[in-house]
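Below is one structure; the comments refer to it alone.
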Amino acid sequence: MARLHGHLDAALHLLDRQVVDVDGALVGKVDDLEITEYADGRLEVTGLLLGPAALVVRVATRHDDRALAWWVRLGPQWRDRGRPGWISIEDVKQLDSEVTLRKRRAGVVVPQPEAAPGRTLHRASTLLESTVVGPGGEVLEERVRDFRLEPGERPTVHALIVSRGRPGTLLGYDRDRVRRPVLLAKALGWLNRHTGELGLDDVEIDWDGRTVRSRRLPGPLTRLHAEA
């Protein structure tokens, strides 16, 4: 059964969501996402990252290693303190308003494993807020605010959402159908004028430099929900 039945935006719909087990017991919350890059350039969400070792890196300025090193130094006696807790996407039953697992919570969270041969692991937080460079080499005002996942058994990244606004400014209204009240719709349209979308096939991601180089300018943002 597909875990994702409709398109979702990873940061908006998954980050900070509660994780519950098959019995409804709370496991934790999603502090970051593991993204696996394959040799053909495909990007899949392959795991959920939980705990301070995930959150500290996500909220640290520039996402450097100093914050994580600080966290490790606070408890050097604890093994794997620098590795975030990890839940395999294979253990996820449904991605919705909360993340529901197909197992009980005992033992479902383990230290994040190393990447398999031929694959590279990234974090969603590394991609978010990346600088966008246009087709002429110019640095655009827009930054990566989110990325869109295709439905299916394994959530696959297929587009980047870029905007000049601050993260979370539109609270998701820019992705959904908002037609009433008219005043709100017009206000959101004005706020949303610099929000756009880049297909994954049109970009090259420099993960270490936190830069996205695009072969075209951002296009109009696709709505998550079709018009009635």
Members of the range 193-219 found to be loosely packed, with under 15 Cβ neighbours inside 10 Å and either assigned to a helix (DSSP H, G or I) or at pLDDT below 90 (or both), listed by number: 193, 194, 201
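Take residue 174 and tell me if it is within 25 Å of residue 16 (Cα to Cα), modelled with pLDDT under 60 and either out of contact with any strand residue (DSSP E or B) (no Cβ under 7 Å at 6 or more places or on another chain) or in a loop (DSSP other than H, G, I, E, B) (or both). Even if it seems obvious, please write down each step before you answer.
Details: within 25 Å of residue 16 (Cα to Cα): yes; modelled with pLDDT under 60: yes; either out of contact with any strand residue (DSSP E or B) (no Cβ under 7 Å at 6 or more places or on another chain) or in a loop (DSSP other than H, G, I, E, B) (or both): yes.
In short, yes.
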By residue number, the members of the range 85-117 that are at pLDDT 90 or above, part of a loop (DSSP other than H, G, I, E, B) and within 18 Å of residue 10 (Cβ to Cβ) are 112
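Give the range 136-157 a look and list any residue that's among the charged types (D, E, K, R) and either in a loop (DSSP other than H, G, I, E, B) or in contact (Cβ under 8 Å) with a residue 40 or more places away in the chain (or both), or say none.
First, pick out the residues of the range 136-157 that are among the charged types (D, E, K, R): 138, 141-143, 145-146, 148, 150, 153-154.
Across the range 136-157, the qualifying residues are 138, 141, 142, 145, 146, 148, 150, 153, 154.
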Identify the residue in the range 107-124 that is out of contact with any Phe, Trp or Tyr (no Cβ under 9 Å at 6 or more places or on another chain) and over 19 Å from residue 92 (Cβ atoms) and, among all such residues, is surrounded by the most Cβ atoms within 10 Å (Cβ to Cβ). 115
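The values are calculated or read from the model by the stated rules, or taken from the named source; none is laboratory data. Small disclaimer: the values here were computed from a predicted structure and weren't measured. We place every Cβ from the backbone using ideal geometry, glycine too, and count neighbours over all the protein chains shown.
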